[in-house]
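The values are calculated or read from the model by the stated rules, or taken from the named source; none is laboratory data. For clarity, every value in this text was computed on a predicted model and none was experimentally measured. Neighbour counts run over all protein chains shown; Cβ positions are idealised from the backbone, glycine included. Side chains included, ligands, DNA and RNA excluded: accessible areas come from the protein's heavy atoms. Shrake-Rupley method; radii C 1.70, N 1.55, O 1.52, S 1.80 Å.
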Amino acid sequence: MHKAYEHCAQRFDAEKGGFGTAPKYHSPQNLLFLLRYWKRTGETKALEMVNKTLTEMRKGGIYDHIGFGFHRYSTDQNWLLPHFEKMFYDQAMLIIAYTEAYQASGNKIFRQTAEEIITYVLRDMTSAEGAFYSAEDADSEGEEGKFYVWTTEEVKAILGEEDGKFFGGVFNFKDSGNFVEEAAGKTSGTNIPHIKAADHLQADDSEKKSDELITKIEKLRLNLFEKREERTHPYKDDKVLTDWNGLMIAALAKAAKTFGNNEYSAAAKKAVKFFFEKMLNKEGRLYHRYRENEAALSATLDDYVFLIWGLLELYEATFNINYLKKALQLQAIQDKHYWDEVYGGYFFTAEDAEQLLVRKKEIYDGAYPSGNSTAMLNLLKLGKLTSETKFDEMAARLSKAFSETVSKSPSAFAQLLCGADFAIGPSKEIVVIGKLTDSTTIAMLKSLNNYFLPNKVVLVIEPKKLIEVSELIPFVKNYKQVDDKTTAYICENYQCKIPTTDLAEFNKQLAAEN
């Protein structure tokens, strides 16, 4: 973990954030690792790298300031000129990164950005059945980026001379265009919206003027968005992929509990319902792809791993035990058909899938985390929740299977290091016995979700369901309410502090952990 941090620090762009030079990618799993490294070591530079990168990306042209969501990558070092394609997995991973960074830093820009990405996803990338589409192309009318760029004359014609000039000033428009076309080496005449002043992103609660500024910018943005909707849209890839949908379910669930937004958890629940109704075969195994009412292709490891991740996050957002049951159901299938009994770790394809010359096991993180990396964290969480040692043993074997490869260049395996961070510990079990509708329960969960505590599992168990839940989560059978009040336990390796029914004491215990 130290080596990975040092490598990130060496490659970090101190002026514009991100890692390396052009082209520049989001690399959200690197940011998730750095947050955990900061949490473990107190190294402030790790948090600064995260904050700088997320802020500069949000300000840059790689972000769609008019309709929201992130483009695929930046062709330049400054996050200005993107490859305009929008990939769905990027939206999911960036929601997670911005949400966790908000918990760690309290920066309102990060919450705003996560919620804007979700607005884009639910508005433009969600099917009537609740599943999520895969991508939007870069091109429209045969020209890359045409849908997203503006001339100053267009903006003034839509907003009026005064407001058009004001909007162009905020988003750095120029009459000649604000970027240079790579092939021609000259200005294009069109503008990519991007900003330089962070106070154009989020109002300062203490300054009325700033609030008024944000309100004005938002009104003008909506006017341009409505006009942009009349343009020819880029092609939408409307196939539904199980793995990418799993990532979004995880992202929505994490945002739902962090921001207290039930709309997000409702969207995640609808997507889960779709997959268990439309994407399972007769044996209860997943399909990989859905399009035009047809489920097809055998699932890969990633399909299982990311959907399990989504189910675990959704369980902690809703505390509906059925989501944990579904996660365990899929985990059993994953273990049966993908696990390498000889060396440990998971193969990418099932043992009864089409025979290939080489049955691969992948660990390297690409544009999104690898299946094995995410599987390790899933196993560790399932082990915590169920007290089943087999999950911890499998996580240890998985780690050992790849340890030699990872040790050579650990920063290339950031998601696996997030799992290692959980495994090294200390990790927590936070158990609340009380009704989900009880005001004390709600207040305790709100407090809990304000903190960045990545290495934990959380359970809320209603007293009347304690016996039912303990059949799946055996260790909770010894937890009781005190004086028939909502009671919280903060535990480490199942050894608990004195239980409390008092919100102030609960907050005090949480603050000590943080």
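Observations, loosely collected:
- Test for Leu416: is it surrounded by 18 or more Cβ atoms within 10 Å (Cβ to Cβ) and closer than 25 Å to Ser105 by Cα: yes
- So Ala135, is it within 22 Å of Tyr290 (Cβ to Cβ) and surrounded by fewer than 23 Cβ atoms within 10 Å (Cβ to Cβ): yes
- Close pairs from the range 349-375: first on the phi > 0 side of the Ramachandran plot, partner among the basic types (Lys, Arg) and surrounded by 11 or more Cβ atoms within 10 Å (Cβ to Cβ), Cβ under 9 Å, at least 6 apart: none
- Residues that are closer than 14 Å to Leu445 by Cα, in contact (Cβ under 8 Å) with a residue 24 or more places away in the chain and of a type in the set (A, V, I, L, M, F, W, C) within the range 488-505 comprise Ala488, Ile490, Leu503, listed in sequence order.
- Pairs with Cβ under 9 Å, 6+ apart, first in the range 316-332 and closer than 21 Å to Ile430 by Cβ and among the polar types (S, T, N, Q), second open to solvent by less than 20 Å² (accessible area, probe 1.4 Å) and part of a helix (DSSP H, G or I): Thr318/Ala253; Thr318/Ala256; Thr318/Ser265; Thr318/Ala268; Asn320/Leu314; Asn322/Tyr315
- Selection of the range 301-319 for residues being touching a strand residue (DSSP E or B) at 6+ places or on another chain (Cβ under 8 Å) and open to solvent by 20 Å² or more (accessible area, probe 1.4 Å) yields Glu316, Phe319.
- Remark: Ala423 matches the filter, which requires a residue to be within 24 Å of the chain's Cα centre (by Cα), under 30 Å from Arg11 (Cα atoms) and either modelled with pLDDT of 95 or more or open to solvent by 30 Å² or more (accessible area, probe 1.4 Å) (or both).
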